[in-house]
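A single structure is presented below for examination.
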Amino acid sequence: MKKLLFALMLLGAVSATAATKSKAQYPDGMYRGVYVSGQETQVEVQYELKDDVITKAEYRTLHYKGHDWLKEDEYIAKNGGYMKLLERITNKKIQDVLPTMYNSEEIEAGGATVRESKVRSALQYGLNVGPLKLAKKAK
């Protein structure tokens, strides 16, 4: 009898753990996060999560020392690494990508310019604040 009770307890614990792991940690929806240094918003990123997977990501702001890396031709020519970064993290679980985002070689480093860790910080800020807009429930 003790073995049967132990087996049932073990089975219950395993199934509870499996159910917990399959649930999303964050609500589905649109998130927006920022990285501010000094009094300048350097990075603003908007992204959507579905089951903790980043389905869409875009920069709303990519700015440094008065230069707009999304609008000024000289800086647009240098922002390829930032665009690749968003491509790299799209369709991946946010919990898997955040730990990898620390100054990769893809992004041009010039002094303290906008870096991958700043984008990571903006993504994390969005998670901390919560969804700007919840995903519509499927009927």
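HN-Hα J couplings of region 125-136 from phi, Karplus 6.51/-1.76/1.60, θ = phi - 60°, integer Hz, Gly and Pro as x?
Values per residue, Gly and Pro as x: 4, x, 5, 5, 6, x, x, 6, 8, 6, 5, 6 Hz.
With every protein chain left in place, what is the accessible area of Lys50 in Å² (1.4 Å probe, nearest 10)?
Roll a 1.4 Å probe over it and Lys50 shows about 120 Å².
So, one more: Near the amide H of Tyr64, under 5 Å away, which other amide H atoms are found, from residues 5 or more places off or on another chain, if H is placed in the peptide plane?
Trp69
Using each residue's phi in region 40-47, evaluate 6.51 cos²θ - 1.76 cosθ + 1.60 at θ = phi - 60° and report the 3J(HN,Hα) Karplus result to the nearest Hz, with x for Gly and Pro.
10, 6, 8, 9, 10, 10, 10, 8
Of the accessible area of region 32-108, with the probe set at 1.4 angstrom, what percent is carbon plus sulfur?
Details: 2030 of 4430 Å².
Roughly 46 percent, rounded to a whole number.
Measure up Lys56/Lys118; Lys65/Lys136; Lys71/Lys92; Lys23/Lys71; Lys23/Lys78 against 30 Å on the Cα-Cα distance and list the ones that go over.
With Cα atoms farther than 30 Å apart: Lys65/Lys136; Lys23/Lys71; Lys23/Lys78.
Rank Tyr102, Tyr75, Tyr47, Tyr125 by accessible area, highest first, at a 1.4 Å probe radius? All intermediate terms of the calculation are to be shown ahead of the outcome.
Values: Tyr102 135, Tyr75 30, Tyr47 0, Tyr125 110 Å².
The most accessible residue leads, giving Tyr102, Tyr125, Tyr75, Tyr47.
Check which residues have an amide H placed less than 5 Å from Asp52's amide H, if you skip close sequence neighbours.
Tyr26
What net charge do the residues around Lys65 carry, taking every other residue with its C-beta under 12 Å from that of Lys65, with Lys and Arg at +1 and Asp and Glu at -1? Write down the numbers at each step before the final one.
Working: positive: none; negative: Glu40, Asp68, Glu72.
Charge balance near Lys65 sits at -3.
The values are calculated or read from the model by the stated rules, or taken from the named source; none is laboratory data. All values reported here derive from a predicted model rather than from experimental measurement. Backbone-built Cβ (ideal geometry, glycine too); neighbour counts: all protein chains shown. Calculation scope for accessible area: heavy atoms of the full protein, side chains included, ligands and nucleic acids excluded. Shrake-Rupley method; radii C 1.70, N 1.55, O 1.52, S 1.80 Å.
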